[in-house]
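For reference, the structure discussed in these notes is given below.
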Amino acid sequence: MSFNLEELSPRQAIHLKSQMVRCMLKKRLPAIRRADIFLTEDCNLACDYCFVYGKESCRRMSWETARKAIDFLIAESRDVQDITITFFGGEPLLEYPLMRQTADYAVLRAGENAKRVHFAVTTNGTIMNEDIAAFARCYNFNYLLSIDGDKESHNKHRKTVNGEGSWDIVTGPNFDLLKSIQGWMGIRITVSPDTVERLSSGVRMLFERGVNQFLIGYDLDAEWSGAKLKLLALEMRKVADFYFNQKSSGAPIRITELDETLGQRRERLHGLWSCDAGRGRVAISTSGELYPCARFVRPNPDTEDYKLGDLESGITNLRVWFKLLSFGTDIRPKCITCSCHDVCAGGCPAANLHTTGSISNPPLITCVITREAYKILAMNHLTKQRADQVETAKVNPLRLRGHSIENQ
């Protein structure tokens, strides 16, 4: 088919120019590797720190939109072989039939395109049966439970819509059933100013209950006083001490952030600002709108400017997309003089926007967490170094003659 460019109407010419620009950009911009798919905004809990503000039970994803979401990810992942789908809510297991149908379709489409698809689901743990637990085994992933430490801490914020604490539901038979089928148990703890003093004791208690992996997050939108921030630093050190002691004895426990060395962290974060939001990752709302990540999907009015597009037209907000892609150390003059800037990516851009009004300006609590993590990793490195020197001295005392370990 051929046509004369001079015969195009102004509107057709603009459309053709836009399509040509998009084709050129696609070859230079990163492929989409991961999609956070919001199956529903409905939830059977009413957690007061939830970032999905203003949840509406009528908002659920249709099968047609879910199918288009998978088709979009397959197409926009281009030549990437491994793609990841995270099912979000609300509580995603309220839409378990849709989740299963979507996963089946994703595996089918991935196979047709020589890709491998991986899944992730975070759930509040109130909905569980053998079929739901087996679904995760079928697709080779583990459910991540939201449990905020001990009973008192958990029930402060994770309540049912009737105002009752959800601890007994989450840690009761549902937990035991999932543990029996899944084996390895991971949880996400959200630490708030009024629960921070029980963080380390909660981690110890949950480990004894059968939890193996801990993802510790913080309520970044809350008001953290100076006293609470000092307490947070102390509790982080207590958690680290417990973790390193358990790891040294071979216990089945993992806190990913404490597994890497300072050198590995520097290498991973070198020249990096922000996370993968909008840079290989998108979130898809119940109605098919595209955002940089799950935290940008309708939590606050200020994030609406960061909508990237929709499933029908793809990513059309190129101004925002380029802004996310061009993140680098040069845009954070406030941070560049910090002693921890080389082991920090600047925090969550959505949380930054909520708290400081800028995606590139982290709140104080992010800085405190980063500095304390730096101290913990540095101290652990020094402890290991001293332990190695002691072992060396036992094998060959002459190698350390005249060399004081205490001075290291």
Filter pass, Ala110 being over 17 Å from Gly288 (Cα atoms), in contact with a helix residue (DSSP H, G or I) (Cβ under 8 Å, 6 or more places away or on another chain), assigned to a helix (DSSP H, G or I) and modelled with pLDDT of 95 or more: yes
Extreme residue, nearest to Lys323 (Cα to Cα), among residues of the range 248-285 that are without any contact (Cβ under 8 Å) to a residue 12 or more places away in the chain and either crowded, with 17+ Cβ neighbours inside 10 Å or charged (D, E, K, R) (or both): Arg268
Single residue of the range 77-97 satisfying the filter (closer than 7 Å to Leu39 by Cβ and outside any strand (DSSP E or B)) that is most open to solvent (accessible area, probe 1.4 Å): Glu95
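Could you tell me whether Asn245 is open to solvent by less than 60 Å² (accessible area, probe 1.4 Å) and free of Cβ contacts under 8 Å to residues at least 24 places away in the same chain? Break it down stepwise before answering.
Details: open to solvent by less than 60 Å² (accessible area, probe 1.4 Å): no; free of Cβ contacts under 8 Å to residues at least 24 places away in the same chain: yes.
So Asn245 fails the test.
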Pairs with Cβ under 9 Å, 6+ apart, first in the range 36-56 and under 27 Å from Ser77 (Cα atoms), second at pLDDT below 70 and among the hydroxyl-bearing types (Ser, Thr, Tyr): Thr40/Ser57; Glu41/Ser57
Candidates Glu152, Glu112 - the one that is of a type outside the set (A, V, I, L, M), touching a residue at least 40 places away in the same chain (Cβ under 8 Å) and surrounded by fewer than 20 Cβ atoms within 10 Å (Cβ to Cβ): Glu152
Yes/no for Ala227 being modelled with pLDDT of 90 or more, surrounded by fewer than 16 Cβ atoms within 10 Å (Cβ to Cβ) and over 30 Å from Val80 (Cα atoms): yes
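Just checking, does the range 245-252 include any residue being under 30 Å from Cys138 (Cα atoms) and in contact with a strand residue (DSSP E or B) (Cβ under 7 Å, 6 or more places away or on another chain)?
Looking only at the range 245-252, we keep the residues that are under 30 Å from Cys138 (Cα atoms), and these are 247, 250-252.
Checking the rest, the ones that are also in contact with a strand residue (DSSP E or B) (Cβ under 7 Å, 6 or more places away or on another chain) come to none.
Looking for residues that are under 30 Å from Cys138 (Cα atoms) and in contact with a strand residue (DSSP E or B) (Cβ under 7 Å, 6 or more places away or on another chain), one finds none in the range 245-252, hence no.
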Qualifying residue in the range 192-202 (condition: open to solvent by less than 60 Å² (accessible area, probe 1.4 Å), closer than 24 Å to His381 by Cα and in contact (Cβ under 8 Å) with a residue 40 or more places away in the chain): yes
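So, Ser192, is that one closer than 18 Å to Asp148 by Cα, within 18 Å of the chain's Cα centre (by Cα) and among the small types (Gly, Ala, Ser) or not? Show your work before the answer.
Details: closer than 18 Å to Asp148 by Cα: yes; within 18 Å of the chain's Cα centre (by Cα): yes; among the small types (Gly, Ala, Ser): yes.
Answer is yes for this residue.
Name the helices (runs of 4 or more DSSP H) wholly inside the range 267-358 in which the number of residues that are modelled with pLDDT under 80 and within 26 Å of Glu257 (Cα to Cα) is 3 or more.
Values: elements: 318-325, 333-336, 349-356.
Per the criteria, 333-336.
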Flag if Asp148 is touching a helix residue (DSSP H, G or I) at 6+ places or on another chain (Cβ under 7 Å) and at pLDDT 95 or above: yes
Qualifying position, being at pLDDT 95 or above, under 30 Å from Leu145 (Cβ atoms) and in contact with a helix residue (DSSP H, G or I) (Cβ under 8 Å, 6 or more places away or on another chain), among Thr86, Thr65: Thr86
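The values are calculated or read from the model by the stated rules, or taken from the named source; none is laboratory data. Keep in mind that what you see is a predicted model, and the values were worked out from it rather than measured. Ideal geometry is used to build each Cβ from the backbone, glycine not excepted, and the neighbour counts take in all protein chains shown. The protein model used for the area step is the full one, side chains on, heavy atoms only, and it has no ligands, DNA or RNA in it. Shrake-Rupley method; radii C 1.70, N 1.55, O 1.52, S 1.80 Å.
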